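The values are calculated or read from the model by the stated rules, or taken from the named source; none is laboratory data. In this text the structure is predicted, and so the values were computed from the model without any measurement. Backbone-built Cβ (ideal geometry, glycine too); neighbour counts: all protein chains shown.
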Amino acid sequence: MKLAKIKIDDRVSYAQVDGDACRLIDGDILGRWKPTDETVPLAEVQLLAPVEPRQVVAIGLNYRAHAEESGMALPDHPLIFIKTPNCVIGPGEPILLPKMAPDEVDYECELVIVIGTQAKNVSVEDAPAYVLGYTCGNDVSARDCQLKQDTQWARGKCFDTFAPLGPWIETDLDADSAPIKLSVNGDVRQESNTSDLIFSCMELVSFISRCMTLYPGSVIMTGTPSGVAFMTDPPPFLREGDTATVEIEGIGSLTNPVEKEK
Ligand code: MG
């Protein structure tokens, strides 16, 4: 089932997406809801980020091939960092090259876990009950801030618009074997499969819930495969006029244009 947050004219609603149609939902997908009789064509709605997360937890170095290209040893536990809610944008909204750091803005396609039920100290076995579903994400990063100017990642990872999410939440996905890729202007830059994840989605939910309470609507960005710009020579960082698309088989695709911050 695909659960979307949509805007039609000035009205915002949740909806179940089925083929070319959106069936509007009465209620909140993080609580009680039921489908209504009202449908609208998918082509006529604006898709919004499917959740407004209180927490955006992200994982560094979680694909074997990306760890290898970075020259790093495989981690023995998930390396977590935080992005902030101001980063979140929906499908079609522009990724803004920040005035402060416009030159080394990079892309990272990621499978994103959406938490459905408050989770604390959850075992790997019990973790599926706390997950609502999955969406596509782009962990946009200003590499100059992240890797050259600062000794930690908060600034480089948390500029406005640096966490596109969407197009919707897929509740029925085999998260352990989903093909994932990212293209810029149609040119494929990253291509992998979540079977290359070092820590699985359920291991991540369990590990993070043993660190912090995870709230309904919070998201976990599960890490990116190889092929990011800063590991490529010369690095094809994002430029004004580019279009970045994250595609995960079984979910859909998330496309965002790139603009300069005004
Ligand atoms: Mg990342």
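Residues are listed down the side, and each one gets a yes or a no for (1) surrounded by 15 or more Cβ atoms within 10 Å (Cβ to Cβ); (2) within 16 Å of the chain's Cα centre (by Cα); (3) closer than 27 Å to VAL105 by Cβ; (4) in the same structural domain as ARG143 (by TED's automatic domain parsing):
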{"position": "ASP174", "(1), (2), (3), (4)": "no, no, no, yes"}
{"position": "SER218", "(1), (2), (3), (4)": "yes, yes, yes, yes"}
{"position": "ASP233", "(1), (2), (3), (4)": "no, no, yes, yes"}
{"position": "THR245", "(1), (2), (3), (4)": "yes, yes, yes, yes"}
{"position": "GLY252", "(1), (2), (3), (4)": "yes, yes, yes, yes"}
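Of the residues making up region 174-183, those that are away from the ligand (no atom under 16 Å from the Cβ) and outside any loop (DSSP other than H, G, I, E, B) are PRO179, SER183. Please work out if VAL57 is touching a Leu at 6+ places or on another chain (Cβ under 7 Å) and buried (at least 21 other Cβ atoms within 10 Å of the Cβ). Here the answer is no, as VAL57 does not meet what is asked. Is there any pair with a first residue in region 120-132 that is more than 19 Å from ILE169 (Cβ to Cβ) and a second that is of a type in the set (D, E, K, R) and assigned to a helix (DSSP H, G or I) whose Cβ atoms are under 7 Å apart and which are 6 or more apart or on different chains, and what are they? Cβ pairs passing all conditions: VAL124/GLU203. Taking the criterion of being under 20 Å from ILE220 (Cβ atoms), within 14 Å of the ligand (Cβ to nearest atom) and outside any strand (DSSP E or B), the residues of region 130-153 that qualify are ASP139, VAL140, GLN146, TRP153.
Which one is nearest to the ligand (Cβ to nearest atom) among residues in region 200-222 that are touching a helix residue (DSSP H, G or I) at 6+ places or on another chain (Cβ under 7 Å) and farther than 20 Å from ASN86 by Cβ? Step through it out loud before you land on a result.
Step one: filter region 200-222 for residues touching a helix residue (DSSP H, G or I) at 6+ places or on another chain (Cβ under 7 Å), giving 202, 205-206, 214, 220, 222.
Adding the requirement that they be farther than 20 Å from ASN86 by Cβ leaves 202, 205-206, 222.
On the way: MET202: 19, VAL205: 17, SER206: 20, THR222: 8 Å.
This residue is THR222.
Of the residues in region 65-74, how many are surrounded by fewer than 19 Cβ atoms within 10 Å (Cβ to Cβ), within 15 Å of the ligand (Cβ to nearest atom) and touching a residue at least 60 places away in the same chain (Cβ under 8 Å)?
In the first step, residues of region 65-74 are kept if they are surrounded by fewer than 19 Cβ atoms within 10 Å (Cβ to Cβ); the result is 65, 68-74.
Filter once more, keeping what is within 15 Å of the ligand (Cβ to nearest atom): 65, 69-70, 72.
If we keep only those that are touching a residue at least 60 places away in the same chain (Cβ under 8 Å) too, we end up with 65, 69-70.
Result for region 65-74: 3.
The condition (being part of a strand (DSSP E or B) and either in contact (Cβ under 8 Å) with a residue 12 or more places away in the chain or among the hydrophobic types (A, V, I, L, M, F, W, C) (or both)) is satisfied by just one residue among LEU30, LEU96: LEU96.
Inspection of region 179-188 identifies no residue that is outside the structural domain of ASP18 (by TED's automatic domain parsing), crowded, with 19+ Cβ neighbours inside 10 Å and under 21 Å from GLY116 (Cα atoms). Within 16 Å of the ligand (Cβ to nearest atom), part of a loop (DSSP other than H, G, I, E, B), modelled with pLDDT of 95 or more and over 24 Å from GLU247 (Cβ atoms) - does that describe any residue in region 157-170? Checked against the condition, which is being within 16 Å of the ligand (Cβ to nearest atom), part of a loop (DSSP other than H, G, I, E, B), modelled with pLDDT of 95 or more and over 24 Å from GLU247 (Cβ atoms), region 157-170 yields at least one hit.
Within region 2-31, being loosely packed, with under 12 Cβ neighbours inside 10 Å and closer than 19 Å to TYR134 by Cα holds for GLY19, ASP28, GLY31. Among the residues of region 235-261, those identified as over 15 Å from ASP139 (Cα atoms), out of contact with any Cys (no Cβ under 6 Å at 6 or more places or on another chain) and part of a loop (DSSP other than H, G, I, E, B) are PRO235, PRO236, ARG239, GLU240, GLY241, ASP242, GLU249, GLY250, GLU261. Filtering VAL51, VAL112 for residues that are within 17 Å of MET202 (Cα to Cα) and either in contact with a Ser or Thr (Cβ under 6 Å, 6 or more places away or on another chain) or not in a strand (DSSP E or B) (or both) leaves a single hit, VAL112.
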